[in-house]
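Accompanying notes for the structure given below.
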Amino acid sequence: EQARLLRKQGDELKIGKPTEAVKKYNEAIGKLEEYQKRFEKDPKGKPDGALMEIGRIWQDGIGEPLIRSIETFEKLLKDYPGSEERPEAMFRLGEAYKKAKEFEAAIKWYTLLLEEYPKCNWADKALFAKGQILADKMEKHEEAAKEFEKLQEEHPKSPLREQASGRAREEEGKAGEKESENYGK
C-alpha cells in the first residue's frame, strides 16, 4: 500500500516536478523490491504482483532506461510462469521493444501473448499493435490487414474495433497497390 501511495505521488508530480517524481518512483520501487524479496517463495504473498508493479513504474513512470522495464517483465515471466500477471507482462514487453525500435522482438511478444492468451484483456491491444508494426514499420501490408481483421472478428466489443476496420481496408489497398506494382515490373 505504501508503494501505491508513493507511485500516486510520483504520478502527480510527473508533469510539474519530474525530479521529485523520480524520487517518489524510486522510493516505491524500493518498497516493492523489499516486499518482493520477503515473499519471493510464498505465492500467497503475490511477489509477482510486486514485480509487475515495479515494471509498470519503470515503463509508465520513470520511462528510461527502457532496459529496466524489459528486464523486470522478463524476470516476472521467467520466475513466475503461472502468474496471472503474465498476459500484461507479455504485452508490456512488446510495447517496450516497440519503443526501442526492436520490431521483431515486439512482434514475438505480441504473438506469444496471442497464442497463450487469445481471449485475455490484452489480446485486442496486442493484435492492433502487431498490425501497426507490420504496416507502418515493416511494410507488410497484407499481414497487417489480417491482424486488423482478426481483431474485428475475435474481439467485436473492443474499443479498437472501428479503428482496426479502417486500418484493415487501408492496408488491403496498400497490399493491392504493391501487388500491382510488382506485377508491372
Would you confirm whether any residue within the stretch 16-27 is within 21 Å of the chain's Cα centre (by Cα) and of a type outside the set (S, T, N, Q)? yes
Over the stretch 150-167, the set of residues touching a residue at least 24 places away in the same chain (Cβ under 8 Å) and open to solvent by less than 30 Å² (accessible area, probe 1.4 Å) is Leu151, His155, Ser158, Ala164
If only one of Lys23, Lys31 is over 21 Å from Leu76 (Cβ atoms), touching a helix residue (DSSP H, G or I) at 6+ places or on another chain (Cβ under 9 Å), part of a helix (DSSP H, G or I) and open to solvent by 60 Å² or more (accessible area, probe 1.4 Å), which one is it? Lys23
Based on what the data block shows, is Arg68 farther than 26 Å from Glu115 by Cβ and either among the hydroxyl-bearing types (Ser, Thr, Tyr) or modelled with pLDDT under 90 (or both)? no
Got a number for residues in the stretch 78-95 being in a helix (DSSP H, G or I) and at pLDDT 95 or above? 11
Expected output for the stretch 20-31 (first residue closer than 10 Å to Gly61 by Cβ, partner basic (Lys, Arg) and outside any helix (DSSP H, G or I), Cβ below 8 Å, 6+ apart or cross-chain) is Ala21/Lys14
Which one of the conditions (1) under 23 Å from Ala96 (Cα atoms); (2) surrounded by fewer than 20 Cβ atoms within 10 Å (Cβ to Cβ) does Glu1 fail to meet, given that it meets all the rest? (1)
Which number in (1) at pLDDT 95 or above; (2) surrounded by fewer than 20 Cβ atoms within 10 Å (Cβ to Cβ); (3) not aliphatic (A, V, I, L, M) marks the one condition that Gly63 misses? (1)
Restricting the stretch 106-125 to residues that are open to solvent by less than 30 Å² (accessible area, probe 1.4 Å) and aliphatic (A, V, I, L, M), the one farthest from the chain's Cα centre (by Cα) turns out to be Leu114
List every residue pair whose Cβ atoms sit under 8 Å apart, with the two residues 6 or more apart in sequence or on different chains, where the first one lies in the stretch 36-63 and is under 14 Å from Leu93 (Cα atoms) and the second, anywhere, is open to solvent by less than 50 Å² (accessible area, probe 1.4 Å) and β-branched (Val, Ile, Thr). Leu51/Thr72; Ile54/Ile29; Ile54/Thr72; Gly55/Thr72; Ile57/Ile29; Trp58/Ile29; Trp58/Thr72
Among what's in the stretch 168-185 and is basic (Lys, Arg) and assigned to a helix (DSSP H, G or I), pick the residue that is most open to solvent (accessible area, probe 1.4 Å). Arg169
Quick check on my filter: what residues within the stretch 126-149 are open to solvent by 80 Å² or more (accessible area, probe 1.4 Å) and in a helix (DSSP H, G or I)? Asp136, Lys137, Glu142, Glu143, Lys146
From the options Lys98, Lys75, residue that is assigned to a helix (DSSP H, G or I) and under 27 Å from Glu40 (Cβ atoms): Lys75
Test result for Pro81, over 30 Å from Trp58 (Cα atoms) and open to solvent by 40 Å² or more (accessible area, probe 1.4 Å): no
Note on the stretch 140-156: residues over 20 Å from the mean Cα position of the chain (by Cα) and more than 19 Å from Gly94 (Cβ to Cβ) are His141, Glu142, Ala145, Glu149, Glu153, Pro156
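The values are calculated or read from the model by the stated rules, or taken from the named source; none is laboratory data. Owing to the predicted nature of the structure, the values given are computational and were not obtained by experimental measurement. Neighbour counts run over all protein chains shown; Cβ positions are idealised from the backbone, glycine included. Accessible surface is based on the protein model in full, side chains and every heavy atom, while ligands, DNA and RNA are left aside. Shrake-Rupley method; radii C 1.70, N 1.55, O 1.52, S 1.80 Å.
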